[in-house]
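Working notes for the structure below.
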Amino acid sequence: MPNRIQSLFNITQPSPLQRVNVPWTQFKDANNHVNCDMNYKDSEVSLWCKRDDLLHSVISGNKWRKLVKPLQQLMQQPSAHVLSFGGAYSNHLHALSYCCNKLNIKFTAVVRGAYLSKQTLNPTLQDLKSWNTNLLFVDKHTYQRRNETDYLDLLRKQLGVDVIIPEGGSQHDALAGMQDMLTELESVLNTTGSAKPFDAIILPVGSGASMAGVLEASSSSIAKRIIGIGVLKGEGYLEDLVSQYLNKTPRNTPYLPWHIEHNFHQGGYAKSSVQLDAFCQSFNEQQSSILSTQKKDTPLSVEPFKKDTPFCSNSLQSLSGSHSALQAPIYIEPVYSGKCFYAVKSLIQQGYFAPNSRILVLHTGGLQGAR
Ligand SMILES: *Cc1c(COP(=O)(O)O)cnc(C)c1O
């Protein structure tokens, strides 16, 4: 079953795991100055990126992971009418709309905000329209009822809805798909034989479902700890969300040590700052320049990963997944991946990680929202 759905949607799974050399010292700050902090060396921490942003050209990284199980169920009920919730830039609505269209399943998106006329539709909502999604715009007070039973019952009755998927695809069923991501990592670590677990896996946290999925599925053979980067102002709240998902399935072995960093949200969800914008721009420019130095017509020579290859090779190297993704630069946007990489940079600069640490950043996708 898993293989069938991945090939149906043309998903590149496993997603590539890539060694990234980022010259943190060379990033320009908001004043266009190169910010050179001499207290650390770029080479001290080795950085890896799990490229879930490359799983699919449309379906955003962690949204595929979170939707895979519900989609498998929907394939059994082709006449279902599905409904879900999100903002006007929602990566989740975008992914689910695309998938429902592909499965020929009726989909209604309840969108927060009063976008009354067609002229005001942003690229995300235009895509939803083109994929035959019914758009239902509700004001922010109505939207706040998105998890209330009587409101959901009303939507079921009035619209003939059969399946309701919560905002962000965040529900307990979402955790299962995150398991696949960890299984992919584990199989790479196993083929490398001598490879040690990562010192940390770092990912952005919005609803907490992805982080809970990572915790649920990871063991000490994969990583020593899991660090979430809060993308919204929610100290305590985000930890509670993660714990709520975890508490639904009791287990015998303890979870890896985990915590959420709260210093990088820049004031709230989808809020940015001059510093974060400058960082994202500088980062993306630097990545583009990697691309332009690669000769276009020469196929990239990729050494197959061998057992005796040192795990921390210095070249841009894929350990698994699609070879064509090898030269793919890493692009970030300020809502999720930008905050996450900005946090990684700041933590490295602060000397948070011991020398020779191996850090894995999960790129959860989400670039469509930045159009
Ligand atoms: C939704 C989203 C997240 C947040 O995931 P949660 O499971 O809600 O914590 C992170 N990154 C991207 C790109 C997203 O679209």
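What to note about this one:
- With Cα atoms, 0 to 90° folded angle of helix 61-74 axis to the chain main axis: 40
- Distance histogram in 20 Å bins (all Cα pairs of the chain, percent per bin): 28, 59, 13, 0
- All aspartates and glutamates inside 15 Å of Lys140 as judged from Cα atoms, apart from same-chain residues fewer than 8 positions distant: Glu148, Glu167
- Antiparallel DSSP beta bridges within the chain, percent to nearest 5: 15
- Positive-end extreme of charge dipole, the chain - chosen from Thr120, Asn132, Ile260 (charges on Cβ): Asn132
- Think of the chain as a dipole: +1 on every Lys or Arg Cβ, -1 on every Asp or Glu Cβ, centred on the Cα centre; then among Ala80, Asn91, Ser60, Ala80 lies furthest on the positive end.
- Rolling a 1.4 angstrom probe over the protein heavy atoms with all chains in place gives the chain an accessible area of 47 Å² per residue.
- Between Asn134 and Arg156, residue separation times 0.36 nm minus the direct Cα-Cα distance comes to 6.5 nm.
- Angle between the chain longest axis and helix 237-247 axis [Cα atoms, degrees, rounded to 10]: 80
- Gyration tensor verdict on the range 97-165 (Cα atoms; rounded if a/c is under 1.5, prolate if a/b is larger than b/c, oblate otherwise): oblate
- Cα gyration tensor shape of the range 115-225, rounded if a/c is under 1.5, else prolate or oblate by comparing a/b with b/c: prolate
- Residue list for the range 263-292, given a label point 7 angstrom along the Cα-to-Cβ vector of Asn32 and an amide N cut-off under 20 Å: 273-289
- Cross-link table Lys28/Lys63; Lys69/Lys271; Lys63/Lys271; Lys129/Lys157; Lys248/Lys345, entries beyond 26 Å C-alpha to C-alpha: Lys28/Lys63; Lys69/Lys271; Lys248/Lys345
- Each part gets one Cα centre, and for the range 45-62 versus the range 105-167 those centres are 28 Å apart.
- Ellipticity estimate at 222 nm from DSSP helix runs (n ≥ 4, -39,500 (n - 2.57)) divided over the chain, nearest 500: -10500 deg cm²/dmol
- Between helix 91-103 and the chain: long-axis angle, C-alpha atoms, 0 to 90°, nearest 10: 60
- Highest-MSF residue in the chain out of Ser187, Ser292, Ser130 [GNM, Cα springs under 10 Å]: Ser292
- Counting protein heavy atoms only, the chain has 49 percent of its accessible area on carbon and sulfur, 1.4 angstrom probe.
- Euclidean distance of C-alpha centroids, the range 216-252 and the range 267-284, integer Å: 25
- For the listed peptides 167-179, 151-163, a ranking on the average number of other beta carbons within 10 Å per residue, highest first, reads 167-179, 151-163.
- Gain upon complete extension [Lys271, Asn104; 0.36 nm per residue less C-alpha separation]: 56.6 nm
- Residues of the range 44-84 with amide N under 13 Å of the 7 Å Cα→Cβ point at Leu8: 68-80
The values are calculated or read from the model by the stated rules, or taken from the named source; none is laboratory data. Since this is a predicted model, take the numbers as computed values, not measurements. Cβ sites come from the backbone with ideal geometry, for glycine too, and all protein chains shown count toward neighbours. Areas reflect the complete protein model, heavy atoms only, side chains present, ligands, DNA and RNA absent. Shrake-Rupley method; radii C 1.70, N 1.55, O 1.52, S 1.80 Å.
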